[in-house]
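Novice: Got a structure here, written out as structure tokens. Questions coming.
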Amino acid sequence: GSTLFPYTTLFRSGRYSLLDDLVGRASYFQTMFLSVLDELPERRIADWAEAVYQCMSYPDPRIWCNHIGSLSGTARSSAIAGTTAGILASDSNMYGPGVVIKNVYEFVQQGLARKENGDLLPQILKGNVRRRGSRLIIPGFGRPVATGDERIATMERVSKELGLEAGPHLTFAYDVERYLLETQEETLNLTGYAVVVMMDFGWNFLQIQRVSAILVTSGVAACYSEAYENPPESFL
């Protein structure tokens, strides 16, 4: 490429030309992750991540970040403004990727280290999580309304089809889930599942956070578009 448009960039895993090496040869998700991770992931890893994106993009305007997309559409803001506002709204304390991923990552990292040192699960949970009454509040487990997360079964199918086996972080998460099912009927949720699988890929917290930054895009864009096609200011 020219000095104005350097299409060839050096990454840890080699020098890639966007037009010659990636376009039409690598997937969009591989290319996006190359920029974030500084290495080109296997196609099956990128395909797995794309499936997570699909699972995270329910086009339901009742979901808080999609709600912002719908409000933007009904107010006739631009598609870029509406979609990015919804993405920004997804970064919430309770369920947003920016905050929740950090909490899940730290809980699993510390909990697995203690397990490998010989601590039993009840001991690990007693010292590492908050309580609400008699219930344990664990990052990556539970949902606001429903019990269980049907999306995990779908992602397990995708993982099996792609030949991806459970690593130590996912195994630890399933150990916690079994304990919570017995004690308070709580299960792993999709955010928790996605984070621990990415930890098994060898990705650190910042890499996982960057990979997950725009997870909700499709659902927000769908709700923006639906609201825009309806009469102005009719959404509420």
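The values are calculated or read from the model by the stated rules, or taken from the named source; none is laboratory data. Everything numeric here is computed off the predicted structure, so don't read it as measured data. FYI the Cβ positions are ideal-geometry reconstructions off the backbone, even for glycines, and counts take in every protein chain you see. Areas reflect the complete protein model, heavy atoms only, side chains present, ligands, DNA and RNA absent. Shrake-Rupley method; radii C 1.70, N 1.55, O 1.52, S 1.80 Å.
Novice: Rounded if a/c is under 1.5, else prolate if a/b beats b/c, else oblate: with a ≥ b ≥ c from the C-alpha gyration tensor eigenvalues square-rooted, which is the range 183-224?
Specialist: Taking the square roots of the gyration eigenvalues as a ≥ b ≥ c, the range 183-224 is oblate.
Novice: For the chain, which whole-number percentage of the solvent-accessible area (1.4 Å probe, protein heavy atoms only) is attributable to carbon and sulfur atoms?
Specialist: 54 percent
Novice: OK, next. Quick one: accessible area per residue over the chain, 1.4 Å probe, rounded to a whole number of Å²?
Specialist: Roughly 55 Å² per residue, with all protein chains present.
Novice: Something else: Quick check: convex hull over the Cα atoms of the range 149-211, volume per residue in Å³, rounded to an integer? Let's see the in-between values first.
Specialist: Details: hull volume 5.5 nm³, N = 63.
Output value, Cα hull per residue: 87 Å³.
Novice: With label points built 7 Å along Cα→Cβ from the Cα atoms of D60 and E42, find their separation and express it in nm.
Specialist: In this crude label model, D60 to E42 measures out at 3.3 nm.
Novice: Same structure again: Using only the Cα atoms of the range 31-80, what are the Rg and Dmax in Å?
Specialist: Every Cα atom of the range 31-80 included, Rg and Dmax give 15.3, 42 Å.
Novice: Run the quick spin-label model on K126 and N230: label points 7 Å from Cα toward the beta carbon, then report their separation in nm to one decimal.
Specialist: That separation, rounded to one decimal, is 5.2 nm.
Novice: Report the longest stretch of the chain that contains none of the trypsin sites (Lys or Arg not before Pro) sitting in a DSSP loop with at most 12 other Cβ atoms within 10 Å. Don't jump to the answer; show the numbers that get you there.
Specialist: Details: sites that count: R12, R25, R62, R76.
Maximal segment without exposed cleavage sites: 77-236.
Novice: Please check the chain for the longest run free of GluC sites (Glu not before Pro) that are loop-located per DSSP (anything but H, G, I, E, B) and have at most 14 other Cβ atoms within 10 Å.
Specialist: The longest such stretch corresponds to 43-164.
Novice: Rounded to the nearest 0.05, what FRET efficiency is calculated for R15 and R210 with R0 set to 30 Å and r the Cβ-Cβ distance?
Specialist: Efficiency at R0 = 30 Å is approximately 0.85.
Novice: What number does the chain give for Rg over Rh if you use C-alpha atoms and the Kirkwood radius? Write down the numbers at each step before the final one.
Specialist: Values: Rg = 19.9 Å, Rh = 19.5 Å.
My calculation puts Rg/Rh at 1.02.
Novice: For F141, which sequence-distant residues (separation of 5 or more, or a different chain) have an amide H within less than 5 Å of its own amide H, given hydrogens modelled in the peptide plane?
Specialist: N189
Novice: OK, next. So, R0 is 35 Å and r is the distance between the beta-carbons of N93 and A166; what FRET efficiency does that work out to, to 0.05? Please list the in-between numbers first.
Specialist: Working: r = 29 Å, r/R0 = 0.84.
Plugging the Cβ-Cβ distance into 1/(1 + (r/R0)^6) gives 0.75.
Novice: Same structure, new question: With a point put 7 Å past each Cα toward its Cβ, work out how far I80 is from E185 in nm, to one decimal.
Specialist: Here the modelled spin labels are 4.9 nm apart.
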